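One structure is given here, and the rest of the page talks about it.
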Amino acid sequence: MRRRLSTYHLFTVLLLCARIISSSSFTAPKSKHHNHRRKSAINVEPRIIGGIVVATGATAAWWIGGAKDRENKANYAEYEALQRERESLAFVQPKDEWPEEELSAYNGENNESGPILLAVKGDVFNVWKGRNFYGPGAEYHIMAGRDATRFLAKNKLEEETEEEKKIELNIAERANLEVWYWTIKNKYQFVGNLSGYDPKSTEM
């Protein structure tokens, strides 16, 4: 709305200036020489009026262009404030050890704005920023609130049977896990270590 009003004002000013120029009567001064500058009836040189028009147009154009920048900055400030609020709501106090049974309370189902925890290779991360991936109803929600190591290693979104859980990860699965681990580590907040994790189960 502001940009439309500014554009309207610009055209109004330009129209008025154009009318002034067109309605002004220019008369040559009584002199035997004809190289004197002509002046309008309002005693302002035409090039000055033209300069006013150009300056007014430039100022109006600057204002219209700047309005978009101001709008973008205001929107970004609002986004930043919202992110700080979300981060505050999703905060969880880091600690040295997390028993896996404690993680289940942080699967995102009890608090839609709260933290979401998952473990990968013995590290526990708060993945609240990826709520659209790990929150209730999301594609990877099965990994939330638990140790997601084997899910990621196998690229599976289904529960393993008890027999499958006993099979060690092969070299290809461990390599795949490394990629997932560093992706999550570089993206989400580390909040502690998973109790009882055996590093040999995933080492290359």
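What is the Rg over Rh value, at two decimals, for the range 50-204, using alpha-carbon atoms and the Kirkwood definition of Rh?
Values: Rg = 23.3 Å, Rh = 18.3 Å.
A ratio of 1.28.
Largest to smallest in accessible area, the residues 128, 98 fall in the order 128, 98 (1.4 Å probe, all protein chains included).
Scanning residues 5 or more positions from residue 147 or on other chains, those with amide H under 5 Å from its amide H are 119, with H placed 1.01 Å from N in the peptide plane. Using the 1.4 Å probe convention, the accessible area of the range 116-165 works out to 44 Å² per residue with neighbouring protein chains retained. Electrostatic bookkeeping for residue 80 treats Lys and Arg as +1 and Asp and Glu as -1; over the other residues with beta carbon under 12 Å from its beta carbon, the sum is 0. One equal scatterer on each Cα of the range 129-175, no solvent, Debye formula: the resulting log10 I(q)/I(0) at q = 0.13, 0.14 Å⁻¹ is -0.33, -0.38. Computed from label points 7 Å out along Cα-Cβ, the spacing between residue 109 and residue 88 is 3.0 nm. Restricted to Cα atoms, the range 85-166 shows a radius of gyration and a Dmax of 12.7, 44 angstrom.
The values are calculated or read from the model by the stated rules, or taken from the named source; none is laboratory data. Since the structure is predicted, the reported quantities are computational estimates derived from the model, not experimental observations. Glycine also receives a Cβ, built like all others from the backbone with ideal geometry; neighbour counts cover every protein chain displayed. Ligands, DNA and RNA are excluded from the accessible area calculation, which covers all protein heavy atoms including side chains. Shrake-Rupley method; radii C 1.70, N 1.55, O 1.52, S 1.80 Å.
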